[in-house]
Each structure stands twice: as structure tokens, then as C-alpha cells.
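Chemist: Here you go, one structure.
What follows draws every value from the coordinates through simple rules; no lab data is involved. Remember, it's a predicted structure, so these values are computed and weren't measured experimentally. Here Cβ is always computed from backbone atoms with ideal geometry, including for glycine, and neighbour counts include all displayed protein chains.
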Amino acid sequence: MTVKELEQRVTALEEQVKRLSGEVAATRVGRNKNWLAWVEKYAGDEEFLSMFAEAQKLREADRRRTCAPKRKLRKTTSASTSKSGKRP
């Protein structure tokens, strides 16, 4: 490829990157507003609120289960204690 062909190729790639960047930015803006519109659509809906409350209960149960201790600690016995648990 000649230098002129490389310059044309770089120019075409720069234009393509600019166009694609614009498309990505436009998609992100729409996505950010989408969740707000969805919440506004169901605001005050009793079925939605009860479903949301159930989801919160499930998440809290999952948190408790994953944060719970994995194993119980064992009682240790000392070499200086007898079977009765008293020291000699």
C-alpha cells in the first residue's frame, strides 16, 4: 500500500469509529432513561409492589445464607485437663 492509500484507509477508519461511537452513546442514553420509564409506569401498582417486596425478601434470605458461618467452631481440649474437665 502506498502512503496515500494508507491515509485514505486511516481517514475511513476514523469516520467509522466516530459513527460507531455516536451509536454507542445514543444507545446508552436510551438505556439509562428506560429503567426510569419502567418504574414510572408501574408506580403505585399493588401487584408490582408485592412482587418487589417478595424479591427483597428473597435477596435478604440469600444475604443471610451467604454471610452465615460456614462451619461451627470445635471445642478444644487442653492437655492439662482431665476427663472431668478439672485441672489436677
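Chemist: For region 33-64, enumerate the residues that are acidic (D, E) and assigned to a helix (DSSP H, G or I).
Modeler: Result: E40, E46, E47, E54, E60, D62.
Chemist: Where the second residue is outside any helix (DSSP H, G or I) and the first is touching a residue at least 60 places away in the same chain (Cβ under 8 Å) and lies in region 13-29, which pairs have Cβ atoms under 9 Å and are six or more apart or on separate chains?
Modeler: Sorted first by the residue in region 13-29, then by its partner, the list stays empty.
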